[in-house]
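The values are calculated or read from the model by the stated rules, or taken from the named source; none is laboratory data. Computed from a predicted model, the values in this text were never measured in an experiment. In this analysis, Cβ positions are derived from the backbone assuming ideal geometry, glycine residues included, and neighbour counts consider all displayed protein chains. These area figures cover heavy atoms from the full protein model, side chains too; ligands, DNA and RNA do not enter into them. Shrake-Rupley method; radii C 1.70, N 1.55, O 1.52, S 1.80 Å.
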Amino acid sequence: MSAARPKMTAAILARSSSPDRPGGLLTDRALACVLGRPVLAHIVRRLKICAQLDSLILAVGDEEADRRIAEAGRELGLEVIAGYPHDVLRRLLMAARHQGAEHVVRVNGNFPLIDPWALDELAQGHLKKRADYSSNSHYQGVVYGLGAEIMSVNVLAELAEYGQPGDFYSGTRLFLRRPGDFSLYLPPAARTAPDFKASVDFSGDEKVVEAIFEAFSEPDNTQVIDFFSARPELAVRSAGGAAEVGLQKVLLFPEKLAALKKNGPESVDDSYPISVELSLTNRCNQNCLWCSDKNLRDRSPDRMDPELLENLFADLALGGTRGITIEGGGEPTLADFFEEAVLSARAHGLAVGLITNGLDLFPPGRDPAIYKNFEWIRVSLDTADRRQYLRLKGVDGFDQSLANIGRLAELAPEVTLGVGYVLTNQNDEPDHLQHLVLTLRSLDVNYLQIRPVVDHPELVSRLPLDFLKKFETPDFSVNLSALAENQPSGNQCLPCLAHSLSTVIGADGAVWLCGRLNTEEEARPIGNLTESSFRDIWLGPERAAQVAQAASPRFCQLNCPQCRMTKYNQLLADIDRLKTRNFI
């Protein structure tokens with residue numbers, strides 16, 4: 001290695017995986033065996049090829065928890081430091097200061113194929129551009145698993161001293177989240193393949209890396225792309241984790257699936273909805289560019305009468321409803337009776353889910369333990385960085401929302417935690433999406449759900465996002481199904497029978513047959529809880545009249561916007577077309 005100035009050190013970051021996540025990441029990925037040697041040994045060998053590096057150091061999170069990795073590093077002749085197990089920025093700063101370096105290279109301890117020649121080019125450009133942050137590990141960069149990041153130590157020191165709440169949770173991806181605050185150098189690779197993955201994360205990845213080393217003794221990015229192009233079956237090994245959404249959920253309720261067929265011009269499915277979408281308030285602390293509820297908020301009271309909820313929950317539980325989704329309308333966590341509503345629903349045996357923008361989850365006086373009562377929580381983040389958030393949601397809240405997501409994951413690990421993302425042509429930069437996925441995965445989020453923007457054709461994105469599936473793990477999934485399933489309008493010219501799977505209750509007490517048509521000024525509810533019980537509304541004449549109307553394919557064709565219920569109606573139609581029912 002040459003001793004060039006300014007001094008640059010490479011910090012290899014390695015930690016043991018959590019032992020309480022069976023089926024998840026390999027424990028001690030840096031020690032996984034590849035061709036008879038640990039991954040760490042291959043990383044060290046390849047980094048020693050780099051002409052731009054002055055030194056190497058192994059940075060583990062905890063001396064005791066990561067003892068085996070530290071011992072392996074010392075056997076390879078590496079200096080080893082330990083500290084800041086949950087704070088990548090400060091661990092990198094500690095490593096750089098220990099080496100007296102002015103720039104530090106972050107090298108992941110599960111990247112045995114890191115490309116030393118691409119790293120040298122990146123380092124040269126970083127110094128020439130006087131960049132604060134440089135990376136070749138992005139959508140247009142080298143294959144995932146071959147790249148690295150480089151940071152100015154001075155900037156790291158400033159961030160460590162003045163960092164914001166979200167910095168702790170996002171690590172080095174802070175630089176991409178806030179591009180206006182830093183000088184970035186993100187060069188494209190000569191050849192790119194964003195769908196390919198060459199890191200060691202899960203059992204079997206070692207064999208893929210071995211096959212690459214056997215084909216090319218010291219492979220570079222181009223050779224890895226050539227290898228995967230010839231062996232596409234090895235290109236992506238994604239596992240797919242937990243999900244809270246999906247067409248398959250209806251199969252859990254065969255009786256309800258059969259009852260939906262009663263909805264028609266002369267009959268009604270009188271069984272209660274499986275779940276209810278409940279708005280507590282129409283107040284909102286954001287102004288999203290694509291919001292479909294703005295008109296509704298303009299003409300509706302901003303607050304549910306909390307005295308209605310006790311009778312409502314008792315009625316729903318007695319009728320067989322299983323769950324309550326607390327959402328908006330507005331932002332539900334702004335309701336001054338938010339905790340009381342959650343606890344009341346739980347007291348009646350109802351499961352509760354939450355859709356929130358995540359910005360105001362922990363106001364003074366709220367017991368954070370309230371979130372342990374939810375079966376699932378989905379945070380509508382909808383943007384990949386601070387700049388997008390401010391421009392598209394009208395407030396500077398990205399850092400706070402991300403910090404709150406991290407806090408939720410720590411506070412209630414048993415709750416299924418997801419992030420929602422409305423995809424538009426204003427937030428579809430592939431490299432930013434890639435870094436967001438990695439950030440969410442590191443926070444122990446269970447899934448990212450990406451869905452299309454509706455009611456705003458001028459904002460529609462056509463970007464293919466299949467490349468994000470390579471980042472799935474047994475504990476984290478990227479759900480893209482809504483991008484296709486939620487696109488059609490007009491209900492595919494089918495009658496709408498599936499509406500009684502759920503119903504929507506507004507903050508003014510109005511009960512709606514359809515949660516998509518309720519924003520139209522000419523639409524009318526099927527009743528209001530301030531005047532009648534839910535049971536009387538559900539079994540009443542107005543609902544029967546609207547069920548008959550929705551049973552007309554012509555009505556749906558002319559009036560239905562893009563809707564998540566379309567896929568269920570399509571499923572019912574497909575089942576009806578089956579004639580050989582005694583065979584699989």
Residue by residue through the stretch 358-370, what is 3J(HN,Hα) from phi via Karplus (6.51 cos²θ - 1.76 cosθ + 1.60, θ = phi - 60°)? Round to whole Hz and write x for glycine and proline. x, 7, 10, 6, 10, x, x, x, 8, 6, x, 5, 4
Show that you can apply the helix-only estimate: for the chain, add -39,500 (n - 2.57) for every DSSP H stretch of four or more residues, divide by all residues, and state [θ] at 222 nm to the nearest 500. -9000 deg cm²/dmol
Residue-wise HN-Hα coupling along the stretch 321-331, computed from phi with Karplus coefficients 6.51, -1.76, 1.60 (Hz; x: Gly, Pro): 5, 9, x, 10, 9, 8, 8, x, x, x, 9
Can you compute the equivalent ellipsoid semi-axes for the stretch 85-131, i.e. the square root of 5 times each eigenvalue of the Cα gyration tensor, sorted largest first and rounded to whole Å? 20, 17, 9
Karplus-derived 3J(HN,Hα) from phi for the stretch 250-265 (6.51 cos²θ - 1.76 cosθ + 1.60, θ = phi - 60°), whole Hz, x at Gly and Pro, runs 5, 5, 6, 10, x, 5, 5, 4, 5, 5, 4, 5, 6, 5, x, x
Once the Cα atoms of helix 116-129 and of the chain are each reduced to a long axis, what angle between those two axes, in degrees from 0 to 90 to the nearest 10, is obtained? 90 degrees
Nearest 10 degrees is fine. How inclined is helix 338-347 to the longest principal axis of the chain, computing both from alpha carbons? 70 degrees
In terms of modelled amide H atoms, which long-range or inter-chain residues lie less than 5 Å from the amide H of Val34? Val39
Residue order for Lys256, Lys262 - accessible surface, 1.4 angstrom probe, largest first: Lys262, Lys256
Roughly how tilted is helix 566-576, in degrees to the nearest 10 and between 0 and 90, from the longest Cα axis of the chain? 70 degrees
With every protein chain in place, the accessible area of Asp385 for a 1.4 Å probe, in Å² rounded to the nearest 10, comes to 0 Å²
Can you tell me which lysines have their Cα less than 22 Å from the Cα of Lys7? Leave out same-chain residues fewer than eight positions away. Lys48, Lys128, Lys129
Projected area averaged over orientations for the stretch 396-519, convex hull of C-alpha atoms, nm²: 10.2 nm²
Treating the beta-carbon of each Lys and Arg as +1 and of each Asp and Glu as -1, no other charges, what is the dipole magnitude of the chain about its Cα centre, to the nearest 20 debye? 1220 debye
Taking 0.36 nm per residue of separation between Ala548 and Ser217 and subtracting their Cα-Cα distance, the length gained on full extension comes to 112.2 nm
Expressed in nm², what is the orientationally averaged projection area of the convex hull enclosing the Cα positions of the stretch 474-584? 10.4 nm²
Run the quick spin-label model on Asn154 and Glu102: label points 7 Å from Cα toward the beta carbon, then report their separation in nm to one decimal. 0.9 nm
Quote the relative contact order of the stretch 76-166 in percent (integer), defining contacts as alpha-carbon pairs under 8 Å separated by 6+ residues. 31 percent
So what does Asp120 come to for accessible area, using a 1.4 Å probe and Å² rounded to 10? 20 Å²
Enter the Cα centre distance for the pair the stretch 288-367 and the stretch 398-448, rounded to the nearest angstrom. 22 Å
Suppose we keep just the alpha-carbon trace of the stretch 8-114; what are its Rg and Dmax in angstrom? 13.1, 41
Asn373: net charge of surrounding residues, Cβ under 12 Å, Lys/Arg +1, Asp/Glu -1, itself excluded? -3
Give the ranking of Lys207, Lys469 by solvent-accessible surface, highest area first, calculated with a 1.4 Å probe. Lys207, Lys469
Where in the stretch 418-446 is the amide nitrogen less than 12 Å from a point lying 7 Å along the Cα-to-Cβ axis of Leu463? 422-437
For Ala41, net neighbour charge (Lys/Arg +1, Asp/Glu -1) across residues whose Cβ lies under 12 Å away: +3
Taking the mean number of other Cβ atoms within 10 Å as a proxy for protection, how do you rank 131-139, 365-373, 309-317, 567-575 from highest to lowest? 131-139, 309-317, 567-575, 365-373
Mind listing the long-range amide H neighbours of Leu354? Cut-off is under 5 Å, sequence gap 5 or more, other chains count too, H placed in the peptide plane at 1.01 Å from N. Ile326, Trp376, Ile377, Arg378
How much accessible area per residue does the stretch 299-387 have, in Å², with a 1.4 Å probe? 39 Å²
Would you please state the base-10 log of I(q)/I(0) at q = 0.05, 0.06, 0.09 1/Å for the chain, with intensities from the Debye formula using one equal scatterer on every alpha carbon? -0.25, -0.36, -0.75
May I ask what percent, to the nearest 5, of DSSP beta bridges between residues of the stretch 1-131 are antiparallel? 10 percent
